[in-house]
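A short worksheet on the structure shown next.
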Amino acid sequence: MSIIKDTALAASGRKKIHWVRDFMPALSQIEARFQREKPFQGLRIAVSVHLEAKTANLGYVLKQGGAEVYLTGSNPLSTQDDVAAGLASMGVETFGIYGASDEEYERHLIQTLQCHPHIVIDDGGDLIDLLGGKCQEYADCLMGGCEETTTGILRLKAREREGILPCPMMAVNDAKAKHYYDNKYGTGQSVWDGILHTTNLVVAGKTVVVAGYGWCGKGVAMRAAGLGANVIVTEIDPFKALDATMNGFRVMTMDQAAPLGDIFITVTGCKDVIVPRHFSVMKDNVLLANAGHFDCEVAVAALQEMAEKAESRRENIIGYTLPNGHTLNVLAEGRLVNLAAGNGHPAEIMDMSFAVQALAAEWLTKQQGLEKKVYPVPDAIDDEIGRAKLAALGLSIDALTPQQEAYLAGWTAE
């Protein structure tokens, strides 16, 4: 039975879900086929992804494919209570309440897994961590799963190396249809949506420090420059740092950047990116935001210990006043700013990411004897989604002739 805040919110949630459905054409094409073919008939799917309208649409599409779907959030501050209620009213078992405590959040994850899923769709690896640990008894029917994020895939590969991965997993984040668009264009836009909505401040003329220049960092830096900011990038990878330099951004260490920045955004997937020695030299009234999966990139707990005072300054902003009199403003408790303080990625972007999830889950149902490893998404799935998206946009591209294919596959120049 669903665990949500208030069933009276369902009508508002359904409106949000129906709105995004109009802007997710690739997933709609998949849904139409799923309705005919029912590839998940008789299967149970457990989903842990940020519980908002686009995720709700994915859950509904999987249900249309014949699955029993059990869905929860992957971050308590990104759950939208009306969407949770709306999805539950559409026949998907839903477990999630905005602002849930750590204990409640874990309980929602466990309730989602009590269905003994055949397939899991994960965002950050929480379901897999439980299935490989305290919830092993619910893993008896597992066929495999799909992972949405860079951070989650790193955790999966660590489990694979140690021989403790509970089932075969698809690296959805590494699909072209996902990371080229979701990570760069989705993160780039939604991070700034969240920051601008939360702060109501100008970006133009400010110095923005972006920690990490992977696909997500590229998008955040690109949009910051478009808004008129002076952009600094910090990196640990020499080639990503060179890439940032060639894209016109200043590159330096966080120690060098800390006194210069007005807005700091971490996008690394690592921990302790901004720590006390950085806090102590920052300007008064800087903004600290995180767009990595977990709330440990900005060391908020250490900042709390340093601060002489902490106060809520606006919704989703806590100001920490240091002994030197400077106030550092943490957005969304250091959690994912684009979801905890915004609406997440645009629907058109998540259309492609969730199309990958749906088709990767279907692919798993057709496999037998897979080892407990992390697998890439097949190129055929990527290509199918890319062509569907192009068609939805009314765009056409060229195709190779047989002669051109032979030329590219051969070693002669004739």
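The values are calculated or read from the model by the stated rules, or taken from the named source; none is laboratory data. Keep in mind the model is a prediction, meaning the values are calculated, not measured. For the accessible areas, the whole protein counts, side chains as well, though only heavy atoms, and no ligand, DNA or RNA atoms are used. Shrake-Rupley method; radii C 1.70, N 1.55, O 1.52, S 1.80 Å.
Which value, in Å³ per residue, describes the convex hull spanned by the Cα atoms of the range 270-351?
Normalising the Cα hull of the range 270-351 by residue number yields 88 Å³.
How much of the pair distance distribution for the range 82-141 lies past 12 Å, counting alpha-carbon pairs only, in percent?
Tail of P(r) above 12 Å: 69 percent of Cα pairs.
With the cut-off at 21 Å, tell me which of the pairs K54/K389; K54/K373; K63/K184 have Cα atoms farther apart than that.
K54/K373; K63/K184
Take the alpha-carbon centre of the range 218-246, take the same for the range 297-366, and report the distance between them in whole Å.
Distance between centres, Cα-based: 20 Å.
Check which residues have an amide H placed less than 5 Å from G132's amide H, if you skip close sequence neighbours.
Result for G132 returns nothing.
Around V47, which amide H atoms from residues at least 5 apart in sequence, or from another chain, sit under 5 Å from its own amide H, with H modelled in the peptide plane?
Sorted by chain and number, the residues that satisfy this are Y70, L71, T72, I121.
Read phi for every residue in the range 327-340 and hand back ³J(HN,Hα) as whole Hz from Karplus 6.51 cos²θ - 1.76 cosθ + 1.60, θ = phi - 60°, with x for Gly and Pro.
9, 10, 9, 9, 8, 6, 6, x, 8, 4, 5, 6, 10, 6
Using semi-axes √(5λ) of the Cα gyration tensor in Å as the read-out, say which of (i) 30, 26, 21; (ii) 35, 28, 20; (iii) 37, 22, 21 was calculated from these coordinates.
From the options (i) 30, 26, 21; (ii) 35, 28, 20; (iii) 37, 22, 21, the structure gives (ii).
Could you run the Karplus curve 6.51 cos²θ - 1.76 cosθ + 1.60 with θ = phi - 60° over the range 289-297 and give me ³J(HN,Hα) per residue in whole Hz, x for Gly and Pro?
Running phi through 6.51 cos²θ - 1.76 cosθ + 1.60 with θ = phi - 60° gives 10, 10, 10, x, 5, 10, 8, 10, 6 Hz.
Over 27 Å between Cα atoms, which of K178/K240; K134/K271; K157/K206; K218/K309; K157/K218 qualify?
Table pairs above 27 Å Cα-Cα are K157/K206; K218/K309.
Quick one: ranking K157, K389, K15, K271 by accessible area, 1.4 Å probe, largest first, what do you get?
Largest to smallest exposure gives the sequence K15, K271, K157, K389.
With every protein chain in place, what's the accessible area of L165 (1.4 Å probe, Å², nearest 10)?
10 Å²
Can you give the accessible area of Y105, probe radius 1.4 Å, in Å² rounded to 10?
40 Å²
Please list, ordered by chain and number, the residues whose modelled amide H lies under 5 Å from the amide H of M170; skip anything fewer than 5 residues away on the same chain.
G145, C146, E147, Y375
Could you go through the range 39-52 in sequence order and give the Karplus-derived ³J(HN,Hα) for each residue, using 6.51 cos²θ - 1.76 cosθ + 1.60 with θ = phi - 60°, rounded to whole Hz, and x for Gly and Pro?
x, 9, 4, x, 10, 10, 10, 9, 10, 10, 9, 3, 8, 9
Of all beta bridges DSSP finds with both residues in the range 28-96, what is the antiparallel percent, to the nearest 5?
Once the DSSP bridges in the range 28-96 are tallied, antiparallel ones form about 0 percent.
Which of the lysines could a cross-linker bridge to K366, judged by Cα under 17 Å and excluding same-chain residues fewer than eight apart?
K38
Determine the percent antiparallel among the DSSP beta bridges restricted to the chain, to the nearest 5.
20 percent
Please figure out what share of the DSSP beta bridges in the range 273-402 is antiparallel and state it in percent, rounded to the nearest 5.
65 percent
If you roll a 1.4 Å probe over the heavy atoms of the protein chains, what accessible area per residue do you get for the range 303-414, in Å²?
Per-residue value: 57 Å².
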